[in-house]
């Protein structure tokens, strides 16, 4: 496939690069304004260009990537990862967020099990004081 003459829709490229499981999910994310193309909201039919920057939600984080290859067919994961490169600030920010989530999970205020009958009575008594 000749990369210079290929016109690939944004939703189709996101699906081919394996950011979304289906094209419909990719289209919905773009229409909802969650995916930014070169810093702006765009439509699912936007033609993707080499070197364009995309901001894509990925779980709790947002990945900022640069487009390196254009393909409209879904490929194996190792090949799909070669279609883009994540920016250094994006990787650093995701790493900091992951560390913050791990630190917060360590101080989880939830108990490991439900209170028994005696503990429930004590909680009720404490709440009504």
Seminar exercise, completed: With Cα coordinates, the longest principal axis of the chain makes an angle with the long axis of helix 88-106, in degrees rounded to 10, of 20
Seminar exercise, completed: Exposure proxy check on 62, 56: fewest-to-most Cβ neighbours within 10 Å is 62, 56
For this session: Read through the labelled values (1) 121; (2) 180; (3) 165 and report the label of the one computed as volume of the Cα convex hull per residue in Å³ from the structure.
Result: (2)
For this session: Using Cα centres only, tell me the gap between region 47-109 and region 7-35 in whole Å.
Result: 14
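For 64, 99, what ranking results if the residue with the fewest other Cβ atoms within 10 Å of its Cβ goes first?
Ranking 64, 99 by Cβ neighbours within 10 Å, fewest first, gives 99, 64.
For residue 24 and residue 112 in one chain, what is 0.36 nm times their gap in residues minus the Cα-Cα distance, to one decimal in nm? Write down the numbers at each step before the final one.
On the way: separation 88, 0.36 × 88 = 31.68 nm, distance 3.91 nm.
Going from the current span to full extension adds 27.8 nm.
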For this session: Note down the relative contact order for the chain as a percent, whole number, built from C-alpha pairs under 8 angstrom at least six residues apart.
Result: 21
Exercise. How far, in degrees from 0 to 90, does helix 117-127 lean away from the longest principal axis of the Cα atoms of the chain, to the nearest 10?
Worked result: 90
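Read-outs throughout are calculated quantities, based only on the coordinates presented, and are distinct from any laboratory measurement. What you see is a predicted model, and the numbers here were worked out from it, not measured in a lab. Positions of Cβ are backbone-derived with ideal geometry, glycine not excepted, and every protein chain shown enters the neighbour counts.
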